[in-house]
Amino acid sequence: MNWVVLGLAGLVEIVWSQSIKPTENFTRLWPTVLCFVLGVTAVYLLSRAMQTLPVGTAYAIFTGIGAVGAIGLGIVLNKDPLSVGRALALSMIVGGIVLARVTNPE
């Protein structure tokens with residue numbers, strides 16, 4: 001179950017990463033409130049997953065999910081460039097996430 005919670009934490013982190021820009025340097029109240037709520041929610045879910053998962057594994061997977069999701073959304077929504085290097089980096093992150101999951105003793 002904690003793997004599911006960790007995955008959910010990663011998904012919330014992706015949404016959180018996209019909520020930062022609309023705050024306009026934290027000068028807009030409601031986008032800022034949403035940003036903080038999402039950040040706290042992501043960390044709370046991560047902390048729940050860490051109750052049984054190794055801290056290093058959980059954090060690496062959490063940040064990996066967030067990084068891949070943030071870059072992916074940047075490419076799709078913001079037309080960020082996708083180069084061969086970025087694609088290779090993303091595939092390595094995904095490979096690391098998968099390897100960390102399948103080699104975990106739990």
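The table that follows gives values for the structure above.
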quantity: Any hit, the range 11-19, residues being at pLDDT 95 or above, within 23 Å of Val102 (Cβ to Cβ) and of a type in the set (Asp, Glu); calculated: yes
quantity: Residue match in the range 25-44 (condition: loosely packed, with under 11 Cβ neighbours inside 10 Å, in contact (Cβ under 8 Å) with a residue 24 or more places away in the chain, out of contact with any Asp or Glu (no Cβ under 9 Å at 6 or more places or on another chain) and not charged (D, E, K, R)); calculated: no
quantity: Only one of Thr27, Thr32, Thr57, Thr52 that is touching a helix residue (DSSP H, G or I) at 6+ places or on another chain (Cβ under 8 Å) and farther than 21 Å from Asn2 by Cβ; calculated: Thr32
quantity: Selection status of Ile71, under 15 Å from Gly10 (Cα atoms) and of a type outside the set (Ser, Thr, Tyr); calculated: yes
quantity: Residue match in the range 54-67 (condition: touching a residue at least 12 places away in the same chain (Cβ under 8 Å) and over 21 Å from Leu99 (Cα atoms)); calculated: no
quantity: Per-region count, the range 22-49, residues under 24 Å from Val94 (Cβ atoms) and either among the charged types (D, E, K, R) or over 15 Å from the mean Cα position of the chain (by Cα) (or both); calculated: 1
quantity: Scan of the range 68-106 for residues that are under 20 Å from Gln18 (Cα atoms) and among the polar types (S, T, N, Q), ordered by number; calculated: Asn78
quantity: Unmet criterion (only one of (1) assigned to a loop (DSSP other than H, G, I, E, B); (2) within 30 Å of Pro81 (Cα to Cα); (3) of a type in the set (A, V, I, L, M)) for Leu53; calculated: (2)
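The values are calculated or read from the model by the stated rules, or taken from the named source; none is laboratory data. All values reported here derive from a predicted model rather than from experimental measurement. Ideal geometry is used to build each Cβ from the backbone, glycine not excepted, and the neighbour counts take in all protein chains shown.
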